[in-house]
Amino acid sequence: MINKYLSANIRRAIENIDFDNIEEIRLRAEKPIILEKADGKMSLAYCPTQKEITETLESMSEQSIYAFLEEIKNGFLTLTGGHRVGICGRSIIKNGQITNITQVSGLNVRIAKEKKGIADAIINPDSFTQNCLIISPPNCGKTTLLRDIARLLGKTRKVGIIDERGEIAGMHKGIASYDVGVNSDCLDLCPKALGITMMVRSMSPEVIIVDEIGSREDIETIKLAVSCGVQIGATAQGGGVGNVRQRITRLDELFKSVITIRRKSGKFVYNKQYLKGAPAAAPPSPPAVRGRHLERDCNF
């Protein structure tokens, strides 16, 4: 799927690579291609030119970079299937805002993967009545877990997905690339605050799923949804609850349970905890019982 976007020489350089264990492909002008894996990294001999990196970006934007400018000026674009491409280069600033990125010097292709079943031992869909926040540093599988939670809850409940970056459902021409549940609806590439309001007003969701919250506008809109009786499943960047509390005030009032993810010796370690003052929920299925953690291989 990714190979079709790459320029010819880059594609040849990686054509014999097993992508099952690859998490990121890092392309930097005049530097070796780096493949990031769960257990380390692999450096390839080929060094792409700046022109080849630009050609790759043009291919990813369907030969019309202008059409993807809104995404590019935010430093990334999303490919079919939810693969996210980070972009580095020269920033064009106007009135204090980035309006474009030119002279592209590097691309980071983050490989999206569907891992059905990883939420089964963490979330009990029959007792999901408390807002849940997933916290981890970058590249620890927050979105992958959130997607599977949407699938699990979407079997029996009305789920509204606000997919601002197109990574959760991987929508392509109105069809989800991933299984996010038969009762799930998705607003694709829609800003979170606007999308939450639209979803509550128009689709009567029981649960809203949203990725990477953090702005004041995000939090205020989530508060509004919660006041309307909607449950929230969300993610946030951070090393732990303490980090996120610095950005999200009154966190305990919004979220009653938190799942943290970290890497340890080639595994993802999941810890679920209830925030202070939160009422105890019905226990999920083992092994994700209160006070313990669950470990899975990073490539599970």
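Condition first: more than 11 Å from residue 164 (Cα to Cα) and either not in a loop (DSSP other than H, G, I, E, B) or not acidic (Asp, Glu) (or both). Now tell me which residues in segment 186-208 satisfy that.
As a first pass, look at segment 186-208 and keep what is more than 11 Å from residue 164 (Cα to Cα): 197-208.
Within segment 186-208, 197, 198, 199, 200, 201, 202, 203, 204, 205, 207, 208 meet the criteria.
What residue, of 160, 117, is of a type in the set (Gly, Ala, Ser) and part of a loop (DSSP other than H, G, I, E, B)?
Exactly one residue qualifies, and that residue is 117.
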If I go through segment 167-196 residue by residue, how many of them are at pLDDT 95 or above, out of contact with any strand residue (DSSP E or B) (no Cβ under 8 Å at 6 or more places or on another chain) and over 29 Å from residue 239 (Cα atoms)? 1
Would you confirm, using the coordinates I've provided, whether residue 59 is in contact (Cβ under 8 Å) with a residue 24 or more places away in the chain and either loosely packed, with under 13 Cβ neighbours inside 10 Å or of a type in the set (Asp, Glu) (or both)? no
Anything in segment 84-97 that is at pLDDT 90 or above and under 17 Å from the mean Cα position of the chain (by Cα)? List them, or say none. 85, 86, 87
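Every residue, every condition in (1) surrounded by fewer than 23 Cβ atoms within 10 Å (Cβ to Cβ); (2) under 15 Å from the mean Cα position of the chain (by Cα); (3) outside the structural domain of residue 217 (by TED's automatic domain parsing), yes or no:
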{"position": "160", "(1), (2), (3)": "no, no, no"}
{"position": "168", "(1), (2), (3)": "no, yes, no"}
{"position": "178", "(1), (2), (3)": "yes, yes, no"}
{"position": "182", "(1), (2), (3)": "yes, no, no"}
{"position": "188", "(1), (2), (3)": "yes, yes, no"}
{"position": "191", "(1), (2), (3)": "yes, yes, no"}
{"position": "196", "(1), (2), (3)": "no, no, no"}
{"position": "203", "(1), (2), (3)": "yes, no, no"}
{"position": "206", "(1), (2), (3)": "yes, no, no"}
Being polar (S, T, N, Q) and exposed (fewer than 14 other Cβ atoms within 10 Å of the Cβ): is that true of residue 227 here? yes
Report, by residue number, each residue of segment 85-128 that is small (Gly, Ala, Ser) and crowded, with 16+ Cβ neighbours inside 10 Å. 89, 105, 106, 112, 119, 121
In segment 101-114, which residue that is under 19 Å from the mean Cα position of the chain (by Cα) and in a strand (DSSP E or B) is farthest from residue 19 (Cα to Cα)? 107
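Conditions tested, residue by residue: (1) within 13 Å of the chain's Cα centre (by Cα); (2) over 23 Å from residue 242 (Cα atoms); (3) assigned by TED's automatic domain parsing to the domain that holds residue 206; (4) among the aromatic types (Phe, Trp, Tyr).
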residue	(1), (2), (3), (4)
117	no, yes, no, no
120	no, yes, no, no
130	no, no, yes, no
134	yes, no, yes, no
137	yes, no, yes, no
140	yes, no, yes, no
146	yes, no, yes, no
151	no, yes, yes, no
Residue 294 passes all but one of (1) surrounded by 16 or more Cβ atoms within 10 Å (Cβ to Cβ); (2) modelled with pLDDT of 90 or more; which number fails? (2)
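The values are calculated or read from the model by the stated rules, or taken from the named source; none is laboratory data. The shown structure was predicted, so the numbers you read here are calculated from the model rather than taken from an experiment. All Cβ positions, even for glycine, are placed from backbone atoms using ideal geometry, and neighbour counts span all protein chains on display.
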